[in-house]
1. Just need a number here: residues in the range 458-492 that are surrounded by fewer than 15 Cβ atoms within 10 Å (Cβ to Cβ), modelled with pLDDT of 95 or more and of a type in the set (Asp, Glu).
2. Looking at the range 364-387 only, could you name the residues that are over 25 Å from residue 493 (Cα atoms) and in a loop (DSSP other than H, G, I, E, B)?
3. So which pairs qualify, if the first residue must be in the range 226-254 and at positive phi, the second must be surrounded by 18 or more Cβ atoms within 10 Å (Cβ to Cβ), the Cβ gap must be under 8 Å, and the two must be at least 6 apart or on different chains?
4. Report, by residue number, each residue of the range 116-137 that is assigned to a loop (DSSP other than H, G, I, E, B) and either open to solvent by 30 Å² or more (accessible area, probe 1.4 Å) or of a type outside the set (Ser, Thr, Tyr) (or both).
5. Taking the range 335-363, which residues are part of a strand (DSSP E or B), open to solvent by less than 30 Å² (accessible area, probe 1.4 Å) and touching a Leu at 6+ places or on another chain (Cβ under 8 Å)?
6. Of the residues 200, 184, 145, only one is open to solvent by 10 Å² or more (accessible area, probe 1.4 Å) and part of a loop (DSSP other than H, G, I, E, B); which?
7. Return yes when residue 27 is out of contact with any strand residue (DSSP E or B) (no Cβ under 7 Å at 6 or more places or on another chain) and polar (S, T, N, Q) and no when it is not.
Amino acid sequence: GHLPSWLQGILLRNGPGMHTIGDTKYNHWFDGLALLHSFTFKNGEVYYRSKYLRSDTYNCNVEANRIVVSEFGTMAYPDPCKNIFAKAFSYLSHTIPEFTDNCLINIMKTGDDFYATSETNFIRKINPQTLETLEKVDYSKYVAVNLATSHPHYDSAGNILNMGTSIVDKGKTKYILFKIPPSVPEKEKKKSCFKHLEVVCSIPSRSLLHPSYYHSFGITENYIVFIEQPFKLDIVKMATAYIRGVNWASCLAYHKEDKTWFHFVDKKTKKEVSTKFYTDAMVLFHHINAYEEDGHIIFDIIAYTDNSLYDMFYLKNLSKDFEENSQLTSIPACKRFVVPLQYDKDAEVGSNLVTFPSTATAVKEKDGSIYCHPEILCEGIELPRINYDYNGKKYKYVFATEVQWSPVPTKIVKFNTQTKEMLHWREDHCWPSEPVFIPSPDAREEDDGIVLTCVVMSDPKEAPFLLVLDGKTFKELGRAIVDVEMHLDLHGIFIPEKDLKTETE
């Protein structure tokens, strides 16, 4: 096929790549050492390269020829040859875990720089052209967080908004929303953007020792949307995990009898909306988009009724019959919530406060809190992306992978949230990754552009490829076949040529 002539830049992807070091193996797929890979588009041609992230974790493990740094699903223990004092000290120092810098989930843009990210307090700067690993940044030096998401948002001024959890800091556990500017004032050229990091607001956790786990959050023109779900980290268990010989993932528990709470923070006042909004227990990883209309916040997420997704990816479950045998006990549902910010305060108990045409409801309870019930837009999609120019605005299209009852995606879909129409791309033995939408330079409509996805083959004899689809028709424009072993990855970004510093800069 062929590529549109305007497609110039780099598609940068991140995900777990190495699961065995020496005689040791990681327990969980999400623990593998980060492997970066890129597709560079230049004058109608595509160049591929890949490189392991040279994190401190990678270097320590490779040097020791075994896993010596703990990951979320794999606890590493001191070398049996070490003396007893070193061992005892190691046990004690693990109460507040020294987290890994194996940043394997996503890529974040900060001004002109790019960072590999995961969910700990560390991020690693990388060169998007050579995939070289550069300095390590520790968020906790600039803001009191132990964990941070890998799904930041970018506003029109180029600021990054992200969220992290501050665990039992000064006797409180809270979720912190922070902002990183894209550049620093001229006179402080030597300083990093992180020195100007600003805390927008903090939301106290409903429980000191059981903060909610979250992987992403939502943003509208005027509000931040944060969901406190009953999928929680047990801090005491986490502090003793090392001594008990279990991994940190076992300290996550889903409390299906609890509620899921919605928090809305006003960006201008930096205050949380005081009304209590909630829904039934659910587990979510990905927000799709959120926007405001007629005094309501509308937000779309992908939610599960349990946490079976994480368990599926323990490597012992990823056998050769994985596709046939693995069944999620909960299929992902794309849910739309409609939350009335302005409503009649004298409305009767039991009345639906949504005054906007939708099957989603928001019902006033006796204690003044509001119970929200979603509209199900569709089922069986994951790794959602949108045309980011429509982030926080009313939008139509979601580009995603289709997963159904098996967690391995077999199709790429384009879903219209308004008409519920779905277009598919699929081929036998193909496992596509998260689709990335790139608008064309003269785009007039939301789906004017192309969709890129890396496709791995379940048949090892067939070569993987980069697939290019037309954003409107979802027909294949072309593919670039890569004659290397490529891994399923997690997330990534497209960097237009204009955002790439030339080597001399």
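1. Residues meeting the conditions: 1.
2. Correct list: 365, 366, 367, 368, 369, 374.
3. 245/75
4. The initial filter retains those residues of the range 116-137 that are assigned to a loop (DSSP other than H, G, I, E, B), namely 118-119, 121, 127-132.
Within the range 116-137, 119, 121, 127, 128, 129, 130, 131, 132 meet the criteria.
5. Selection gives 336, 340, 362.
6. On the way: 200 fails: part of a loop (DSSP other than H, G, I, E, B); 145 fails: open to solvent by 10 Å² or more (accessible area, probe 1.4 Å).
Being open to solvent by 10 Å² or more (accessible area, probe 1.4 Å) and part of a loop (DSSP other than H, G, I, E, B) holds for just one of 200, 184, 145, which is 184.
7. Numbers: out of contact with any strand residue (DSSP E or B) (no Cβ under 7 Å at 6 or more places or on another chain): no; polar (S, T, N, Q): yes.
Criteria not met by residue 27.
A quick yes/no check of all residues on (1) modelled with pLDDT of 95 or more; (2) touching a Lys or Arg at 6+ places or on another chain (Cβ under 8 Å):
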residue	(1), (2)
1	no, yes
44	no, no
50	yes, no
74	no, no
88	no, no
104	yes, no
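The values are calculated or read from the model by the stated rules, or taken from the named source; none is laboratory data. Keep in mind that what you see is a predicted model, and the values were worked out from it rather than measured. When we count neighbours, we look across all protein chains shown, and the Cβ atoms used for this are built from the backbone with ideal geometry, even at glycine. In case anyone asks, the SASA skips ligands and DNA or RNA and just uses the protein heavy atoms, side chains included. Shrake-Rupley method; radii C 1.70, N 1.55, O 1.52, S 1.80 Å.
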